[in-house]
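Enquirer: Below you will find the structure I want to go over with you.
The values are calculated or read from the model by the stated rules, or taken from the named source; none is laboratory data. Note that the structure is a prediction, hence the values are computed from the model and not measured. Note that each Cβ is placed from the backbone with ideal geometry, even for glycine, and that neighbours are counted across all protein chains shown.
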Amino acid sequence: MKTFYVTTPIYYANDAPHLGSLYTTIVADCLRRHKRQRGYDTYFLTGTDEHGINIQRLAERLNVTPKQYTDQIVEQFKRMFASFALDTEHGGYDIFMRTTEPFHYSGVEELWRRVAGSKTPKGNDAIYKGHYEGWFCPNCAEYKTEDEYQRPEIESDPPSCLIHLKPLDRVSEESYFFRLSDFDEALLNLYESRPDFILPESRRNEMISFVRRGLDDLSISRQKTSVSWAIPVPDDPSHSIYVWFDALINYITAIGFGNDRDATVGFAKFWPAVHLVGKDILRQHTVYWPAFLLAAGLVPPRTVFAHGMWQDATGRKMSKTLGNTIDLDILHQHFSNDAVRYFSLREMVFGQDGRFSYEAIIDRTNSDLASGLGNLSSRTLTMVGRYCEGRIPSGRISEDKLLLAKRTGVDTDETTISGFIEHARDQFLQHLDNYTFSRALEVAWSIVARVDKMITEAKPWDLAKDANQQQTLGAVLYRSAESLRWLCVLLYPVMPEAMQAIYGQLGLNHSLADLDPAALEWGGLHENTTISEIKPLFPRIDKAKTLAEIRQRSEPTGAHATQAAAVTGTTATETRPGAVRPHATEGEAVNDTRESDGLIQIEQFAKVDLRVGQVLKAERLPKSDKLLLMSVDLGEGKPRQILAGIAQYYEPEKLIGRKIIVVANLKPRKLRGYESQGMVVAASIGEEGRPVIATFTEEVPNGARLK
Ligand SMILES: [Zn+2]
């Protein structure tokens, strides 16, 4: 049996899932459903990458083990995927892969040993011991990459830590290296001989020129003393395997490389895979990964497809700090899963960047789904119900009625429309094979338009008034219903729920998962099939109302706040409009220094130490509906515990990772037995004093002072 193995990247488990993770997983799910229809034995992987210094440090700050930390992130991912029907139970992924699985450890060890025992194409040892050199912050106890440090003003000076704003040390430590530099020719040969190894073509060209410039060897371990949350190097546990030599290997350990899953899934059966990745991790998947595999004597992946990124409606990058991200809960609540899937696949030209906004998804849903496919389906079925007693009519027009039919303008040659649809089907399949989902959907909608036009021109409602035209009427409705059946089979991978439902309304009950669109034949819908109850599947969305609801739910950014005030620990109603200042009864500094005209001197403002903080953890305080207990990193080494009276307005999970402003020199005070070591600055809106937390639209380091 032909096999097809598709993967999403394994998402880094340092943060809650976002639109990007949902998107790639939708695409993978669609591809896999399509391949299953085509008769392939399929396997679909998604999951999380759980090791590394970032997770180690996040966990340390929260006083939990790294595994406890990632367990909780994994739960969020699984819940999200289940709500969008992408989990195993809904016919989605086969495995939620975690790099903390013991079978992954044994697979990685096996691959390390194989590579360590092998020679490069140029005859050298593939792994060797050397020294890794980098910029190290002693306060963070970690190496900083280029985007994590500030360049010095004088070139000969060291760069400084963005968090501590102190100079970094040049540090060198013993590390294992993978001799990537010896693989340039082998990789170029691979790209040359397999034009579909890297898709789209623009990305392939990018990687060809990258490799042609020459490759550096790759550091694949760290001292255990600098990174302990990792897989140990086999036979040398003082070293930890570093990042890519762990994460990438999940794609083969999941199907049984170097472990006992081989018996249940099958490495030889499913490898090589099609990897769907964001363009930001293209190099790792098309240079490092095939080189590791070649070194181990294994076959490189079948294809690595790099897709673009979602931007907001104006083309800006989506980011938490800009506050322009898509909220997956809102998406789930206001749109059907199928609408989200359709929009994602239709709107982004796969491989290029796309724009995602609530407004755009409403427009697409209304035009393409409600007015387009949904309308075609309900009008066809309604007419079959009304004019044919709920039974699919015959599509034939007998000899003696041909002339009558022709007089109405109806094409008596059925192959005109069946030929059109067969051709469209072939194009549709070709587009899916080429990963051009958007074009595939355009083609499918050309069928919708063609059939709509046929109905509008034939006017079945007029034909129904003339008993002599019964066959003509039947022919029009048959063609329409049969086209609908084809659309159900074609579009099932894109909108599984809705297509199965329309299929059911046509009176058919096969599982679309097993129907091969390539095997569709015109006329497969049998005369006299009894249709079932007609339910609209794509209701129109009231745009203004929905957008207003969404706006109300999503948090406006601090920039919109006209009144700045402080939210203190007890209740939001304690906030007061005016300048940014802490709660008056606490703020002696403010009271004492007020001038009679109500204005203060700059020195007086300077007494308030406002700092940038990042929320590491947030949870509701037991028995309080108002208070959130937060752990906030002010760049001080140890996070602060802060209570804020915002629980009625903010979901704690949504705050994690957010940059906020904290009054850092406020006397600590106890609330419900918890010490609050600072105060969150927020605007106070409206009568009820709804708090809106102040935030930043640009990247700012934790601990930075506001002045
Ligand atoms: Zn630092």
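Enquirer: I'm trying to understand the selection: among the residues of region 533-554, which are surrounded by fewer than 11 Cβ atoms within 10 Å (Cβ to Cβ) and more than 26 Å from the chain's Cα centre (by Cα)?
Expert: Those that are surrounded by fewer than 11 Cβ atoms within 10 Å (Cβ to Cβ) and more than 26 Å from the chain's Cα centre (by Cα): 533, 544, 545.
Enquirer: If you don't mind, there's one more thing I want to ask. So, in region 628-670, of the ones that are hydroxyl-bearing (Ser, Thr, Tyr) and in a loop (DSSP other than H, G, I, E, B), which residue ends up nearest to the ligand (Cβ to nearest atom)?
Expert: Here the answer is 650.
Enquirer: For region 125-139, how many residues meet the condition of being touching a residue at least 40 places away in the same chain (Cβ under 8 Å) and within 13 Å of the ligand (Cβ to nearest atom)?
Expert: Residues in region 125-139 being touching a residue at least 40 places away in the same chain (Cβ under 8 Å) and within 13 Å of the ligand (Cβ to nearest atom): 1 in total.
Enquirer: Can I ask one more? Quickly run through region 18-40 and pick out the residues that are part of a loop (DSSP other than H, G, I, E, B) and either within 18 Å of residue 361 (Cβ to Cβ) or aliphatic (A, V, I, L, M) (or both).
Expert: Result: 18, single match.
Enquirer: Between a first residue in region 10-22 that is assigned by TED's automatic domain parsing to the domain that holds residue 84 and within 19 Å of residue 92 (Cβ to Cβ) and a second residue that is in a strand (DSSP E or B) and aliphatic (A, V, I, L, M), which pairs have beta carbons less than 7 Å apart while being 6 or more apart in sequence or on different chains?
Expert: 10/97
Enquirer: Can I ask one more? Could you list, in sequence order, the residues of region 153-203 that are among the polar types (S, T, N, Q) and either under 31 Å from the mean Cα position of the chain (by Cα) or within 16 Å of the ligand (Cβ to nearest atom) (or both)?
Expert: 160, 202
Enquirer: If you scan region 312-330, which residues turn out to be without any contact (Cβ under 8 Å) to a residue 60 or more places away in the chain and touching a helix residue (DSSP H, G or I) at 6+ places or on another chain (Cβ under 8 Å)?
Expert: 313
Enquirer: Evaluate region 344-353: report whether one residue or more is crowded, with 17+ Cβ neighbours inside 10 Å and out of contact with any Phe, Trp or Tyr (no Cβ under 8 Å at 6 or more places or on another chain).
Expert: No: region 344-353 contains no residue that is crowded, with 17+ Cβ neighbours inside 10 Å and out of contact with any Phe, Trp or Tyr (no Cβ under 8 Å at 6 or more places or on another chain).
Enquirer: Give region 413-460 a look and list any residue that's among the β-branched types (Val, Ile, Thr) and over 22 Å from residue 345 (Cα atoms), or say none.
Expert: Correct list: 415, 416, 417, 451, 455, 456.
Enquirer: For the condition in the same structural domain as residue 375 (by TED's automatic domain parsing), more than 30 Å from residue 321 (Cα to Cα) and touching a residue at least 60 places away in the same chain (Cβ under 8 Å), what is the one hit in 485, 540, 479?
Expert: Within the list 485, 540, 479, the selection yields 479.
Enquirer: Among the residues of region 671-694, is any crowded, with 16+ Cβ neighbours inside 10 Å and in a helix (DSSP H, G or I)?
Expert: Within region 671-694, none of the residues are crowded, with 16+ Cβ neighbours inside 10 Å and in a helix (DSSP H, G or I).
Enquirer: Still on this structure, I have one more. Considering region 270-284 alone, what residues qualify as being touching a residue at least 40 places away in the same chain (Cβ under 8 Å) and farther than 24 Å from residue 41 by Cβ?
Expert: 278, 279, 281, 282, 283, 284
Enquirer: Tell me, yes or no, whether region 497-504 has at least one residue that is touching a Gly at 6+ places or on another chain (Cβ under 7 Å), within 19 Å of residue 341 (Cβ to Cβ) and not acidic (Asp, Glu).
Expert: There is no residue in region 497-504 that is touching a Gly at 6+ places or on another chain (Cβ under 7 Å), within 19 Å of residue 341 (Cβ to Cβ) and not acidic (Asp, Glu).
Enquirer: How about region 497-522: which of its residues are outside any helix (DSSP H, G or I) and closer than 19 Å to residue 381 by Cβ?
Expert: Of everything in region 497-522, those that are outside any helix (DSSP H, G or I) and closer than 19 Å to residue 381 by Cβ turn out to be 506, 507, 508, 509, 510.
Enquirer: Taking the criterion of being aromatic (Phe, Trp, Tyr) and within 15 Å of the ligand (Cβ to nearest atom), would at least one residue in region 72-89 satisfy it?
Expert: no
Enquirer: Please work out if residue 455 is more than 27 Å from residue 491 (Cα to Cα) and either more than 36 Å from the chain's Cα centre (by Cα) or surrounded by 16 or more Cβ atoms within 10 Å (Cβ to Cβ) (or both).
Expert: Criteria not met by residue 455.
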